[in-house]
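Notes for the one structure printed next.
The values are calculated or read from the model by the stated rules, or taken from the named source; none is laboratory data. Small disclaimer: the values here were computed from a predicted structure and weren't measured. Here Cβ is always computed from backbone atoms with ideal geometry, including for glycine, and neighbour counts include all displayed protein chains.
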Ligand code: ADP
């Protein structure tokens, strides 16, 4: 089965064309600046050079038209005809309490996704635009929605409820949802394989540390707590997001003259690693600045490592022990320095890092010594593959 995976943002559209008999990526690419001057599609067929198509794209449908042509082009295409596309999997951000797993998209699902849009006003409308554009371009192809929040729907109420008046939950569904669920699900399933254990016997802590960062506590394959909340702003300090802060800081700043919009921008775009270091939101730049003696860069990283360590600690408590800790995403997969810093504060878990293994990149690997009480793993995430797998599973059942 050949599956097209789509991840649609407000002005961008990422895609991957996968052959699911081999789980190989045939082509991938990105449409950027949709509806803005300078729109461009970058298309990368596997094993060949990238090609760029710079032309006006008013809508996501315009971008998809270019992508479809690229997929069947005699030179840089990977399909003979669009009829080879058996299904489309859509990354969708917020499934609210409605979606606890991936679903085949139909009119009822679209309506329910629209209802969830108040919870993710920036993301869900963009995902819906992507779905409707795909339906226009590939009208008879079955489509699946895979939600970033779904994996976390197994959290117990004591983990997902905020202690606000209960009516705030009843009226507005204000609660913890969590994000990066597709990634946490993918890496915890892979961790079980790597450890040679049944996922049903394992207590795992998954650390997705990228520009956006979150940690999930996963008991016997089910998520029981995660660090992001109603929105992806909660939890750890991130590239530009502040993570958890005292909520009373908002009215305090409001009285000092900051508007809601300014505070929103500050917390989402001007805080975190960037806000504290003043250097960059990119961990590589901040690590380099810290090595050169920049005190604020070092502080930004120390805050991050402390956040990760203390969140792991609280999830060890939530899980009543832990068998394995997983590092994934940009920083988690690539920064041996960060992994070493975080793990050096977890001696009480009997963690013994193998320094040589910690330096390896790009493969699933256990980076602790064989006698380490808790195993630490690096597992590159692959959200697109997880989306494609769900798509194959659901579409196969339709037939
Ligand atoms: P997202 O998908 O949330 O945008 P990624 O998972 O791609 O983010 O992660 C991006 C982050 O990973 C960036 O801050 C980048 O600096 C960091 N990163 C990537 N490679 C390295 C590395 N070798 N060392 C340190 N940080 C890295």
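Each row is one residue, and each column tells you yes or no for (1) within 16 Å of the ligand (Cβ to nearest atom); (2) in a loop (DSSP other than H, G, I, E, B); (3) crowded, with 16+ Cβ neighbours inside 10 Å; (4) not assigned by TED's automatic domain parsing to the domain that holds residue 119.
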site	(1), (2), (3), (4)
214	yes, no, yes, yes
230	no, yes, yes, yes
241	yes, yes, yes, yes
252	no, no, no, yes
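Number of residues in region 328-362 that are within 12 Å of the ligand (Cβ to nearest atom) and either in a loop (DSSP other than H, G, I, E, B) or outside the structural domain of residue 291 (by TED's automatic domain parsing) (or both): the value is 4.
Screening the candidates 144, 137, 174, 109 for the property of being touching a strand residue (DSSP E or B) at 6+ places or on another chain (Cβ under 6 Å) and surrounded by fewer than 24 Cβ atoms within 10 Å (Cβ to Cβ) yields one hit, 109.
Checking each residue in region 140-172 for being part of a loop (DSSP other than H, G, I, E, B) and either at pLDDT 95 or above or closer than 18 Å to residue 236 by Cβ (or both) picks out 141, 142, 148, 149, 155, 156, 161, 162, 163, 164, 165. Just one of the listed residues (330, 272, 321) is crowded, with 22+ Cβ neighbours inside 10 Å, touching a residue at least 24 places away in the same chain (Cβ under 8 Å) and within 28 Å of residue 159 (Cβ to Cβ), and it is 272.
Just a yes or no: is a residue in region 47-57 touching a strand residue (DSSP E or B) at 6+ places or on another chain (Cβ under 7 Å), surrounded by fewer than 23 Cβ atoms within 10 Å (Cβ to Cβ) and not in a strand (DSSP E or B)? For region 47-57, residues touching a strand residue (DSSP E or B) at 6+ places or on another chain (Cβ under 7 Å), surrounded by fewer than 23 Cβ atoms within 10 Å (Cβ to Cβ) and not in a strand (DSSP E or B): present. None of 309, 360, 347, 295 is farther than 30 Å from residue 90 by Cβ and surrounded by 15 or more Cβ atoms within 10 Å (Cβ to Cβ) except 309. Does region 377-398 contain at least one residue that is assigned to a loop (DSSP other than H, G, I, E, B) and either over 30 Å from residue 285 (Cβ atoms) or more than 16 Å from the ligand (Cβ to nearest atom) (or both)? Checked region 377-398: no residue is assigned to a loop (DSSP other than H, G, I, E, B) and either over 30 Å from residue 285 (Cβ atoms) or more than 16 Å from the ligand (Cβ to nearest atom) (or both).
Each residue in region 266-309 was checked for being under 21 Å from the mean Cα position of the chain (by Cα), in a helix (DSSP H, G or I) and away from the ligand (no atom under 14 Å from the Cβ), and 3 pass.
Kindly establish whether residue 63 is within 25 Å of the chain's Cα centre (by Cα), part of a helix (DSSP H, G or I) and over 30 Å from residue 153 (Cβ atoms). It is true that residue 63 is within 25 Å of the chain's Cα centre (by Cα), part of a helix (DSSP H, G or I) and over 30 Å from residue 153 (Cβ atoms). Looking only at region 67-99, which residues are assigned to a loop (DSSP other than H, G, I, E, B) and more than 19 Å from the chain's Cα centre (by Cα)? If the condition is that a residue be assigned to a loop (DSSP other than H, G, I, E, B) and more than 19 Å from the chain's Cα centre (by Cα), then 73, 74, 75, 76, 77, 78, 79, 80, 81, 85, 86, 98 are the ones that fit.
Got at least one residue in region 26-39 being in a helix (DSSP H, G or I) and within 24 Å of residue 140 (Cβ to Cβ)? No, because not a single residue in region 26-39 is in a helix (DSSP H, G or I) and within 24 Å of residue 140 (Cβ to Cβ).
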